[in-house]
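Working notes, beginning with the structure itself.
Rule-based calculations on the coordinates, nothing more; no lab input. Everything numeric here is computed off the predicted structure, so don't read it as measured data. Backbone-built Cβ (ideal geometry, glycine too); neighbour counts: all protein chains shown.
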Amino acid sequence: MNPDELNALPIEGRARYAVLGVLQRAMSAGVDWVDAASGLEGASDEAGWPAALARVFGELGDDAVLRAWEWGWMPREVTSALKKALSPEAARAGAVMMRGQLNRYTETQLSDRWLAHRDELAAASPYANIAEAVAGLGRWDRIVAWSEVLEALDCLGGLPKIPRVEPLPGTPLIAHRLGVAESSKAYEKIRALLAKAESTDSDAEAEAFTAKAQQLIARHSINEALLSEAGQDKREPEALRVVIERPYEGPKSELLAQIADANHCRSVYWPDGGFTTLIGDREDLRSVELLYHSLLVQATSAMARVGSVSAKRGKSQTRSFRQSFLASFAMRIGERLRESADDTAREVAEETGTDLVPVMRQRDDRVDARTEELFPRLKFGRSTRITNYEGHLAGLAAADAARLHPQEPITRR
């Protein structure tokens, strides 16, 4: 576009042309975002120029975020990717753009998961959109803000396509109503037990509370499977993503995988994305997520009690110790969870006189089929290497302390 044609455009058209030019240059060569933002700010001395830039950035942000949704991403995963790749300030700019895009929809146009993610964005950012974020800023502060938005836009544009696990915002859908499931008596009791397990300093108490929670989860899952097979609540497996926070992402993802396996779910971890995709029955997925966060709190507390670890020559081995600790904790917890789930299945089979093997196998087969549908080229990786023997032993001991054999009988519902 020649200068005369450019000058003939309205102010917002010129702003869009300038911003797109910066982003296009960034695709082929490295760009200093602050220099680029300074150039954008100084491209015109018109009074309405900053407001025009804000509107353009808002529109481009909407487009970039909508593309991310269409390519399978949801706010939690995008936030994780931005935090891994960008400065905290640029990641927050991305959160503002996501919040602005989701504010276009009413509550009836969003599933419960989208609503939960939107609430998290609102908690993370006080600004509903880019224009609101830059309102009242001086020239230099605006330049910094433009640089952060440019950086976030560039990162959003590079997100790869991943399997979609939730209907897009604004499309006709039946909301999952996970909140209803969570508020049921079973889940209220499970959450209460896990909260007690996390808050106690007694290993024996934590063991009993977590054991009861797992047995309630297993019993609830079996009941749901029996209802489904009877045709009262037939539903297909769903998918849910869980962000794996730094540090020690590898063993944390293994802990989640072990919990999923014990509860009739499958897990697929993507290290570059920083999250695990869980596949299973809707309520099994919620149970796995609840257990994961609770057991992670218990494992982290146990590690903190050990403190830092030094080698004989004084070099810290804290990282290798904790990596090995979590890996061994995950392995042993998986064994304990499966033992508890099997014990509960035997109890229910004896109580009801029902052969549960074919019932649960059918559920597992449906979950496996859905996993293959979402991930047709799935490859199996190796577990985290255990490089610190003391950490390995401490992790096993901590998992044993949280093992799932309660000291008192479980109250039946």
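Only the Cβ atoms of Lys and Arg (+1) and of Asp and Glu (-1) were treated as charged; on that basis the dipole of segment 188-303 about its Cα centre amounts to roughly 160 debye.
In the structure shown, the pairs Lys83/Lys196; Lys161/Lys252; Lys83/Lys252; Lys84/Lys212; Lys196/Lys252; Lys83/Lys212 are assessed against 28 Å; a Cα-Cα span above that value is assigned to Lys83/Lys196; Lys84/Lys212; Lys83/Lys212.
Per-residue counts of other Cβ atoms within 10 Å, averaged by peptide: what ranking do you get for 75-85, 348-358, highest first? Please list the in-between numbers first.
Working: 75-85: 20.8, 348-358: 11.5.
Listed from highest to lowest mean packing, they are 75-85, 348-358.
Modelled this way, with points 7 Å down the Cα-to-C-beta line, the labels at Thr171 and Glu107 are 2.4 nm from one another. A DSSP coil position with no more than 15 other Cβ atoms inside 10 Å describes the following chymotrypsin sites (Phe, Trp or Tyr not before Pro) in segment 1-81: Trp71.
Can you check what the net charge comes to around Glu70, using other residues whose Cβ is under 10 Å from the Cβ of Glu70 (Lys, Arg +1; Asp, Glu -1)? The partial results should precede the final answer.
Numbers: positive: Arg67, Lys161, Arg164; negative: none.
Charge balance in the 10 Å sphere: +3.
Length gained on full extension, His293 to Leu66, computed as 0.36 nm times the residue gap minus the Cα-Cα distance: 78.8 nm. Alpha-carbon geometry of segment 7-80: the Rg and the Dmax are 14.2, 42 Å, given in that order.
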